[in-house]
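Everything on this sheet refers to the single structure shown next.
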Amino acid sequence: MSGTRKLAAILAADVFGYSRLAGADEERTLARLRALRGDLIDPAVAAHRGRVVKRTGDGALVEFRSVVDAVRCALEIQAGMAERNAGVAADRAIKFRIGIHLGDVVEEEDGDLMGDGVNIAARLEGIAEPDGICLSAVAYESVRDKIDAAFADLGERELKNIARPVRVYALAPAAAP
């Protein structure tokens, strides 16, 4: 197997309802997303020492060396989105869902990351509420006494194409980084 194995905190983010937003006004949605990347997301990732591994049309996969940094970045992004969505009609608001996992990943020569660590983060993002952040139990254990925020234990969850159930915690997005 090519690539290098390593332990990493993975943040997966995606816009909830992106297809609906783009279908209603593609140019404006894309312009808003570009502005969010430049004004909020990229600066937050840099401030918390993250590395954008890849971008999808409406999301991103980000690597951190620290789960605390990943969670603080997620909180900063969600708080910034709440400010930017204030006064915006509910059907036009851009809302991110974020999943965070600490796990083993394989880094390819081009810097791309693959493996269960990435897959679990992506599946956690998929079950997060709009404006929400979901953490795996491993990520939660790493931050629970270091982040001043409320956590809700969502119990063991079956995640698509993941062999074993994963205990999931939801982080209250209202907490300050």
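On the basis of being within 19 Å of G80 (Cα to Cα) and part of a helix (DSSP H, G or I), does R49 make the cut?
Taking the combined requirement at face value, the residue does not satisfy it.
Consider R55 against the criteria (1) modelled with pLDDT under 95; (2) crowded, with 22+ Cβ neighbours inside 10 Å; (3) basic (K, R): it satisfies all of them except one. Which criterion is unmet?
If we test R55 against (1) modelled with pLDDT under 95; (2) crowded, with 22+ Cβ neighbours inside 10 Å; (3) basic (K, R), just (2) comes out false.
For I133, which of the numbered conditions (1) aliphatic (A, V, I, L, M); (2) more than 18 Å from A79 (Cα to Cα); (3) at pLDDT 95 or above; (4) touching a helix residue (DSSP H, G or I) at 6+ places or on another chain (Cβ under 8 Å) fails to hold?
(2)
Which one of these is small (G, A, S) and closer than 25 Å to F16 by Cα: G117, G111?
Residue meeting the stated conditions: G117.
Suppose we keep only residues that are without any contact (Cβ under 8 Å) to a residue 40 or more places away in the chain and open to solvent by less than 70 Å² (accessible area, probe 1.4 Å) within segment 33-45. Which one would you say is farthest from R84 (Cα to Cα)?
Only one residue tops the list, namely V45.
Hey, can you tell me all the residues within segment 12-24 that are assigned to a helix (DSSP H, G or I) and open to solvent by 50 Å² or more (accessible area, probe 1.4 Å)?
The answer is S19, R20, G23, A24.
Need the failing condition index for R92 against (1) of a type outside the set (D, E); (2) without any contact (Cβ under 8 Å) to a residue 40 or more places away in the chain; (3) more than 27 Å from R167 (Cβ to Cβ), just the number.
Answer for R92: the failing condition is (2).
The values are calculated or read from the model by the stated rules, or taken from the named source; none is laboratory data. Just so it is clear, the structure is predicted and the values come from calculations on it, not from any experiment. So basically every Cβ, Gly included, is an ideal-geometry build from the backbone, and we count neighbours across all protein chains shown. The protein model used for the area step is the full one, side chains on, heavy atoms only, and it has no ligands, DNA or RNA in it. Shrake-Rupley method; radii C 1.70, N 1.55, O 1.52, S 1.80 Å.
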